[in-house]
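A short worksheet on the structure shown next.
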Amino acid sequence: MNLPEKVTLVEVGPRDGLQNQPHTLTPTERIAFIELLSNAGLSQIEAGSFVSPARIPQLADTDQVFKGLSANSAVRYFALVPNVKGLEDAIDAGVKDIAVFTAASDAFTQKNINCSVEESLERIAALMPIAEQHNLRVRGYVSCTLGCPYEGQIAPERVAAVSKSLMDLGCYELSLGDTIGIGTPEKARQLIKTVSKQVPLSALAAHFHDTYGQALANLYAVLQEGITVIDSAIAGLGGCPYARGASGNVATEDVLYMLNGLGIETGVDINALLRANHYVCSHLGQPNHSKVAAALQPIKP
């Protein structure tokens, strides 16, 4: 079986997972949540976003979150930034790693950020000299790589072209998102095969939502193609407020259980992860969408 020996889990629960929740956590609660995740052994955590609080009020005060996090050299905390203003706010808050985003669908980017894909790349290009000046690492997100709620099927070649553009702009890693979770294993495999002709395989990550219950199967398929970085969210939190029909991310606990069963090293402790699960579900009043967490620790928030 052609599987990697080690996989890095990128925890996106504190940003992607919280952005459409009906209940908003305070900065203090978000800090406690993030530190539980880091204590579980997660080495890369998306801790917030510097978007306008008018658009995503759940992520307001991300500057307070970054300023309140304990220093931990073993963990990289990064923030999503949409524009130069967001980048400047992130720099002021002491952020060292940022993420930028576009999509493989013009219709989606128009709904999400009021511009075309090409215009979104121009916005990202404007950020890069500032990020370089401040020695920031830049991760890229590409949404709708396996389908769009507005355009339907997306050609893998389109994803490859957008991905290459992001790499050429200076991103060190690209997270390929199945934003509405409609992918299936063979489509996911073909996506990686096509994009990796334009972008080094080592620079690709999988970010799969679980709307149709296919995320773990899709991840298994792309692991066999050489993917070694997986985005996931504790308790299966998430969903995109601008993608009709998108459910939560694949649950970190479920991904970890699968990887443990395959003998793949992650450095993440399942019991510590369950404590983070209990904390965030209790504070959100949110049902736990992780099947593994429900089986190992059946808790009602």
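Read the figures in this text as sums done on the coordinates, not as results from a lab. Since the structure is predicted, the reported quantities are computational estimates derived from the model, not experimental observations. Here Cβ is always computed from backbone atoms with ideal geometry, including for glycine, and neighbour counts include all displayed protein chains.
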| What nm value, rounded to one decimal, do you get for the distance between Lys291 and Arg55 when each label is placed 7 Å out toward the C-beta? | 3.5
| Net lengthening on full extension, Gln21/Tyr212 (0.36 nm per residue, minus Cα-Cα) | 66.7 nm
| remark: One finds, for Arg123 and Glu265 with R0 = 35 angstrom and r their Cβ-Cβ distance, a FRET efficiency to the nearest 0.05 of 0.40
| field | Hz values of 3J(HN,Hα) by residue in the range 46-54 - Karplus curve (6.51, -1.76, 1.60), Gly and Pro given as x | value | 7, 8, x, 8, 9, 8, 5, x, 5
| FRET E, pair Asn114, Glu5, Förster distance 41 Å, beta-carbon r, rounded to 0.05 | 0.40
| task | Could you calculate the FRET efficiency of Glu132 with Arg275 from 1/(1 + (r/R0)^6), where r is the beta carbon distance between them and R0 is 45 Å, rounded to 0.05? | result | 0.70
| task | Of the DSSP beta bridges with both residues in the range 34-169, give the percent that are antiparallel, rounding to the nearest 5. | result | 5
| So how far apart, in nm, are the two label points at Asp92 and Gln224 if each is 7 Å from Cα heading toward Cβ? | 5.0
| task | Please go through the residue pairs Lys67/Lys197; Lys85/Lys193; Lys67/Lys111; Lys6/Lys291; Lys164/Lys187 and name each one whose alpha carbons sit more than 29 Å apart in this structure. | result | Lys67/Lys197; Lys85/Lys193; Lys67/Lys111
| request: Quickly work out the Lys67-to-Ser202 label distance, labels modelled 7 Å from Cα along the C-beta direction, and quote it in nm with one decimal. | output: 3.9
| note | So, over other residues within a Cβ distance under 15 Å of Glu265, counting Lys, Arg +1 and Asp, Glu -1, the net charge is -1
| the chain: C-alpha gyration tensor shape, a/c 1.5 cut-off, then a/b vs b/c | rounded
